[in-house]
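Report on the structure given below.
Every number here is computed from the coordinates shown, using simple stated rules; none is lab data. Note that the structure is a prediction, hence the values are computed from the model and not measured. Cβ placement follows ideal geometry from the backbone for every residue including glycine, while neighbour counts extend to all protein chains displayed.
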Amino acid sequence: MFEISRRDMILGAAGSYAAFGLDKPIAFVGTALAQQSTTQLFRKYKVGDIEIFSLVDGMRDVPLPEGVVRNVGLEQVKTVLRTAGRPDSQWPRRYIVMAVKLRDQLVLIDSGTGGHTVYGAGTGRLFESMAAAGLDPKAVKTILISHLHGDHIYGLMNNETNAQVFPDVEVVIPAAEMNWWTRPGVETLDLGPTRKGLARRIQTTLATWKNVRLFEGEPELLPGVRVVQAPGHSPGMVTHLLSSGDKQFLISADVVNFAPQIHANPEWQLAIDQDPQMAVETRKKIFDRAVADKLTISGTHWLMPNAGTFTRDGNSYVFVAEG
Ligand SMILES: [Zn+2]
């Protein structure tokens with residue numbers, strides 16, 4: 001296990017941000033940690049009597065596209081990547097499904113990519129990671145969905161036939177997401193290459209399935225699992241807050257969809273966010289809550305280990321990974 005102290009991170013960042021002419025520190029993750037993390041398929045956390053698992057569905061690095069951040073130049077994005085110990089020409093894409101053991105019940109939060117070709121080689125490893133973690137897919141009783149993007153729902157359906165992968169499981173979806181993706185004309189919108197055909201696929205699968213439950217607002221979906229609204233990346237996206245005793249863990253879906261280190265730059269407007277400005281507002285609200293309530297927080301697309309804690313540092317935040 002690697003341990004990087006907050007002091008080391010601040011000191012490491014202090015030297016580099018000055019050297020790169022940036023106006024604020026950037027949290028630093030060591031190269032050793034990054035390398036070690038590429039081989040581990042799961043991590044396990046505990047919040048009171050709840051067990052939480054990070055399960056790798058896919059890991060791949062893609063060429064860093066121009067315009068990945070709309071309000072910041074590519075050079076600054078590359079600087080952040082280098083400071084984080086990453087190659088500056090590559091965007092490290094990570095797809096991590098969370099599983100929660102609530103007493104005797106196994107719950108998944110989202111379902112991963114299903115290995116769909118749009119997400120490229122090296123994805124669709126959820127069952128492999130579950131096996132590595134000692135989790136049986138047949139034991140899953142409930143799947144809580146954060147939003148209806150393919151990398152979160154295609155694991156629910158067969159890529160050729162659309163048949164349900166979890167036919168006996170209750171799938172719980174924000175009503176605002178379902179309404180948006182099924183409204184007239186949505187399938188004609190250009191929402192980027194990974195969302196091509198998505199609306200139509202939702203309309204012929206999830207929208208017709210009998211085992212889907214919709215909800216509005218911020219209900220408690222299961223004992224100890226409450227919804228926190230997080231619109232922006234997708235119009236009706238939600239996050240899931242787990243509580244046990246005085247401990248809390250927020251599964252934050254795609255509040256941050258650029259690994260690494262966007263927490264040091266919360267104002268970055270990501271092209272991948274459908275409403276980038278709203279996504280920035282949501283991100284800052286969630287980060288402030290994470291600081292105030294001392295949450296442990298995880299993200300679908302963060303580098304492994306993809307959970308940790310936040311502290312505030314001026315207009316920026318410092319993230320310290322756990323595990
Ligand atoms: Zn996603």
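Quickly estimate the mean residue ellipticity at 222 nm for the chain, helices only: each DSSP H run with n ≥ 4 gives -39500 (n - 2.57), and the total goes over all residues, rounded to 500.
Mean residue ellipticity at 222 nm (helix-derived): -6500 deg cm²/dmol.
What's the whole-number percent of alpha carbon pairs in the chain lying beyond 28 angstrom?
Every Cα pair in the chain considered, those over 28 Å come to 36 percent.
Let me have the relative contact order for the chain, percent, based on Cα pairs under 8 Å that are six or more residues apart.
Relative contact order of the chain: 17 percent.
Can you order the peptides 282-288, 167-173, 188-194, 86-92 by their average number of other Cβ atoms within 10 Å per residue, highest first?
Highest-to-lowest ranking by the protection proxy: 282-288, 167-173, 86-92, 188-194.
Calculate the length of the line joining the C-alpha centroid of the range 245-266 to that of the range 62-93, in whole Å.
19
Of Val227, Ile143, Ala321, whose Cα points farthest to the positive end of the dipole of the range 6-321 (charges on the beta-carbon: +1 Lys, Arg; -1 Asp, Glu; origin at the Cα centre)?
Value computed over the given set: Ala321.
In the chain, with Lys and Arg counted as +1 and Asp and Glu as -1 at Cβ, which of these residues, Val238, Leu102, Thr204, has the Cα nearest the positive end of the dipole, that is, farthest along it?
Result: Leu102, furthest along the dipole toward the positive end.
Taking the DSSP beta bridges in the range 159-242 as the whole, what percent of them are antiparallel, to the nearest 5?
Of the beta bridges lying entirely in the range 159-242, close to 65 percent run antiparallel.
Cα-Cα pairs above 21 Å in the range 169-251: how many percent?
More than 21 Å apart: 37 percent of the Cα pairs in the range 169-251.
Among residues other than Gln203 whose Cβ falls under 11 Å from its Cβ, what is the net charge (Lys/Arg +1, Asp/Glu -1)?
+2
Using DSSP to call loops (not H, G, I, E or B), can you name the chymotrypsin sites (Phe, Trp or Tyr not before Pro) in the range 150-259 whose Cβ has at most 10 other Cβ atoms within 10 angstrom?
Passing sites in the range 150-259 do not exist.
If you place +1 on the Cβ of every Lys and Arg and -1 on the Cβ of every Asp and Glu, how big does the dipole about the Cα centre of the chain come out, in debye to the nearest 20?
It works out to roughly 220 debye.
If you put +1 on each Lys and Arg Cβ and -1 on each Asp and Glu Cβ, how big is the dipole of the range 59-117 around its Cα centre, in Debye rounded to 20?
The calculation lands at about 140 debye.
So, R0 is 25 Å and r is the distance between the beta-carbons of Val72 and Lys294; what FRET efficiency does that work out to, to 0.05?
Efficiency at R0 = 25 Å is approximately 0.25.
Would you mind working out the magnitude of the charge dipole of the range 181-226 relative to its Cα centre, with +1 at each Lys and Arg C-beta and -1 at each Asp and Glu C-beta, to the nearest 20 Debye?
Using only the charged Cβ atoms, the result is roughly 240 debye.
Mind checking which lysines have their C-alpha under 29 Å from Lys294, skipping anything on the same chain fewer than 8 residues away?
Output for Lys294: Lys24, Lys44, Lys46, Lys101, Lys247, Lys284, Lys285.
Quick one: net charge of Lys138's neighbours, Cβ under 15 Å, K/R +1, D/E -1?
Taking every other residue near Lys138 into account, the sum is -2.
If you count, for each residue, the other Cβ atoms within 10 Å and average over each peptide, how do 140-150, 308-318 line up from highest to lowest?
Working: 140-150: 23.5, 308-318: 17.1.
Highest to lowest by the protection proxy: 140-150, 308-318.
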